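Written out below as structure tokens is the structure these notes cover.
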Amino acid sequence: LAATALPLRAADRFPVWRASDDRYPHARRPGARRQHLVNELRKWGWIVFLVALLVRVAFVLPMPADSYRSAYSSDNTLDSKAYVDVAQSLVDHLVFGYGTRSSAFRPPVYPWFLASVFAITGQNFLVIRLIQCLFGALSALALFGLGHLLWDKRVAALAGLGLALYPFSIYFAGSIMT
């Protein structure tokens, strides 16, 4: 009993990693452990990004390419129509508004995004939805990076995959609205 109560020596509490020790393969060359961690983060970052992208693209592909209406509900059609009208006004008349009448009712960035896609592809809503899928996947990747920066790889992976599979985030990738 007395032998178990003795304090541990410093050598027992802090084992020395030797280059010849097979249990610690990262100790063999300088910077190898850091490179291993970077490779692990890249792997998990790609997993989060690809899961988010594939789920969103699978949700968006059945939607009609020629309509701003969602295939799953019609509750967002008024907002969607207003954004599409402002974007079409930007393309046709170079006026931020409705037709030739200017308006400041809508925030400017999303109609400019729509107008730039309309100017390149016409009114192809599938392209807009696919770009929004990319932005959603990049958001999950950014959350993964933030989780790793503030906590650790496990928290980062859970947060990134949580956003990648979050139903409302997936739904809004297919909506033509902010």
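With Cα atoms as the point set, the radius of gyration and Dmax of region 35-178 evaluate to 17.7, 59 Å.
Over all pairs of different C-alpha atoms in region 56-132, the reciprocal of the mean inverse distance, the Kirkwood hydrodynamic radius, equals 12.8 Å.
Counting 0.36 nm for each residue step from Gln35 to Phe135 and taking away their Cα separation leaves a gain of 33.2 nm.
The largest-to-smallest principal axis extents of the Cα set in region 98-178 are 53, 25, 21 Å. Amide H to amide H distances under 5 Å link Gly97 with Leu90, Ser103, where only residues 5 or more positions off or on other chains count and H is placed in the peptide plane. The protection proxy used here, the mean number of other Cβ atoms lying within 10 Å of each residue, ranks peptides 78-85, 48-55 as follows, highest first: 48-55, 78-85.
In order along region 122-134, the Karplus-derived 3J(HN,Hα) couplings, from 6.51 cos²θ - 1.76 cosθ + 1.60 at θ = phi - 60°, round to x, 7, 9, 7, 5, 4, 4, 5, 5, 5, 5, 4, 4 Hz, and Gly and Pro are given as x.
In region 79-171, the portion of solvent-accessible area held by carbon and sulfur atoms comes to 71 percent [1.4 Å probe, whole percent, DNA, RNA and ligands not counted].
The values are calculated or read from the model by the stated rules, or taken from the named source; none is laboratory data. Quick caveat: nothing in here was measured; it's all calculated off a predicted structure. Every residue, glycine as well, gets a Cβ built from its backbone with ideal geometry; the counts of neighbours run over all protein chains shown. Accessible surface is based on the protein model in full, side chains and every heavy atom, while ligands, DNA and RNA are left aside. Shrake-Rupley method; radii C 1.70, N 1.55, O 1.52, S 1.80 Å.
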